[in-house]
Amino acid sequence: MKRFLLLLAALLPCFSGYSQEITLVTRAEYSNMEDEHLANSSFYALIDGNFTDCLSYSVSTHLLSSAPGDLYAYTWHSDSANWLDWANLTYDFGRFRCTLGKNFMLVGTFESQEYDFDSYFETASLFWGNQSDISPIALDNVYLWGGSVEFDLSETVYGSIQVSSSPYNVRPFDDGLFAYSVILGKEAAEDEWFNALVSFNFVQAEPDSFKKLQFAGVSAAFDSFTVTLDEGAELGADSNIALNAKASYDFSPKWTVGVNAGYESGLYGPCAQRRQCGLLLNWKPLESLRAHALVSYDSLLDNVLFNFGLTWKLAL
């Protein structure tokens, strides 16, 4: 670990091109989840910058987690998360952009748009957290090597096409399996109140077999009140669905309360129906510091879960 940190420090000057921003994120929390008491405790270093006006880069390193050994043991794997979440280059041509490297698989939900350190295992979908170890594909292991092209259809509507290694590969591209994703999104204009996403994902599980997934999300914001609804389904399997709804209210600049409810049935593996709901309270005494407390219920675990902790972000 010490050698890696020294190597990272030595490489940082290589990214000192046109402009650069480094963000360190520390999250420490306690959960009463069995075997997951440190839950999403983690330490990240994010580096973003530009070599030229058109060529930019982004790197996210997940240096510590509640199971730090796994981060480094699976360094060259595609089927599990490791210390390098993403590392990519983007060239901006104006109306469209090309990205190459390791990146997040395009998924049309707002849950997938959140950083890992801003999410909670207890109220996440199985697709995100995979806390029950029954999902063959989960957002914690779909940082994949490949390329994508993003294009602007209008000032607020965009699309992207991505080809990457499949998360069913043990190592990137070794098994000859690929994932193909298409996403469309609409960002709220200045006088609008909603954002929308939809994606179609075709993931090769075997050479002649694809898992066909469809996702959609809608987010509405009214002053201090925000509502988000995400949906997922496996095409050709009507019973395999997932729904996740969230609502939050900022009742002061420092305090936010949120509620969450979700339902899943067989979408991400041979599991029973799952229902979960939760209540979250966030307090930001400083812009860089957030404290949270959460209580939730998960029908698969048949237990009431508690989580409290701190997240600190430092921009350099």
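Has the stretch 46-56 got at least one residue that is buried (at least 16 other Cβ atoms within 10 Å of the Cβ) and in contact (Cβ under 8 Å) with a residue 40 or more places away in the chain?
no
Hey, any hits in the stretch 273-296 for a residue that's at positive phi and at pLDDT below 95?
no
Among the residues in the stretch 111-127, are any under 12 Å from the mean Cα position of the chain (by Cα), small (G, A, S) and surrounded by fewer than 20 Cβ atoms within 10 Å (Cβ to Cβ)?
Among the residues of the stretch 111-127, at least one is under 12 Å from the mean Cα position of the chain (by Cα), small (G, A, S) and surrounded by fewer than 20 Cβ atoms within 10 Å (Cβ to Cβ), which makes the answer yes.
Might you let me know whether the stretch 287-296 holds any residue that is under 30 Å from P172 (Cβ atoms), more than 19 Å from the chain's Cα centre (by Cα) and not basic (K, R)?
no
Inside the stretch 95-117, can you point out the residues that are of a type in the set (G, A, S) and modelled with pLDDT under 95?
If the condition is that a residue be of a type in the set (G, A, S) and modelled with pLDDT under 95, then G108, S112 are the ones that fit.
Of T256, T226, which residue is free of Cβ contacts under 8 Å to residues at least 24 places away in the same chain and surrounded by 16 or more Cβ atoms within 10 Å (Cβ to Cβ)?
Checking each option against the conditions leaves just T226.
Before we move on, is F43 farther than 23 Å from F178 by Cα and out of contact with any Phe, Trp or Tyr (no Cβ under 7 Å at 6 or more places or on another chain)?
Considered against the rule, which asks whether it is farther than 23 Å from F178 by Cα and out of contact with any Phe, Trp or Tyr (no Cβ under 7 Å at 6 or more places or on another chain), F43 comes out as yes.
Only one of T75, T99 is of a type in the set (V, I, T) and surrounded by 14 or more Cβ atoms within 10 Å (Cβ to Cβ); which?
T99
Of these, L310, L301, L280, L289, which one is buried (at least 17 other Cβ atoms within 10 Å of the Cβ) and among the aliphatic types (A, V, I, L, M)?
L280
So how many residues does the stretch 69-80 have that are outside any helix (DSSP H, G or I) and in contact with a Ser or Thr (Cβ under 8 Å, 6 or more places away or on another chain)?
2
Inside the stretch 81-110, can you point out the residues that are part of a loop (DSSP other than H, G, I, E, B) and either in contact with a Lys or Arg (Cβ under 9 Å, 6 or more places away or on another chain) or closer than 24 Å to I161 by Cβ (or both)?
Correct list: F93, G94, R95, M105, L106, V107, G108, T109, F110.
Is it the case that some residue within the stretch 222-237 is touching a Lys or Arg at 6+ places or on another chain (Cβ under 7 Å) and closer than 23 Å to Y143 by Cβ?
Yes, that holds for at least one residue.
Before we move on, is T256 assigned to a strand (DSSP E or B), out of contact with any helix residue (DSSP H, G or I) (no Cβ under 9 Å at 6 or more places or on another chain) and among the β-branched types (V, I, T)?
yes
The values are calculated or read from the model by the stated rules, or taken from the named source; none is laboratory data. Small disclaimer: the values here were computed from a predicted structure and weren't measured. Positions of Cβ are generated from backbone atoms using ideal geometry, with glycine treated the same way; all protein chains shown enter the neighbour counts.
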